[in-house]
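What follows draws every value from the coordinates through simple rules; no lab data is involved. Quantities reported herein were computed from a predicted structural model and do not represent experimental measurements. Backbone-built Cβ (ideal geometry, glycine too); neighbour counts: all protein chains shown.
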Amino acid sequence: MIKHLVLAKFKPGVTTAEIAALKKSLAALPALIPEIKGYEFGEDIRPEKTLDFALVSTFEDTASLKRYLVQPDHAVVGKYIRSLCESLQIVDFEQH
């Protein structure tokens, strides 16, 4: 299994409505993209947070992850999250 980890730092001024729209868009993806085997996301709840948001998705293999990354529904959500963020950190790793 492959894990796809995305950590986001929002730009100053990003609103709760924009974050809610992001969550709604992300929540819709598993029903639209069969390659997704697991999908979790949320805002950092720690008071001393250095990042704002995390997404962890699971894929059967690297080929599935590659298909997900170019899937049109993912591209729309990816463009939206990039518009909200001053930084995104992405790590793909094999689950052991």
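For this structure, a couple of remarks:
- Site pair residue 92 and residue 69 shows an inter-label distance of 0.3 nm when each label is modelled 7 Å from Cα along Cα→Cβ.
- Taking GluC sites (Glu not before Pro) across segment 11-65, the ones in a DSSP loop with at most 12 further Cβ atoms lying within 10 angstrom of their Cβ are 48, 60.
- Environment charge at residue 10 (Cβ cut-off 12 Å; Lys +1, Arg +1, Asp -1, Glu -1): -1
- Residue-span extension gain [residue 19 to residue 80] - 0.36 nm each, minus C-alpha spacing: 20.9 nm
- By the beta-carbon count within 10 Å of each Cβ, the least crowded to most crowded order of 87, 64, fewest first, is 87, 64.
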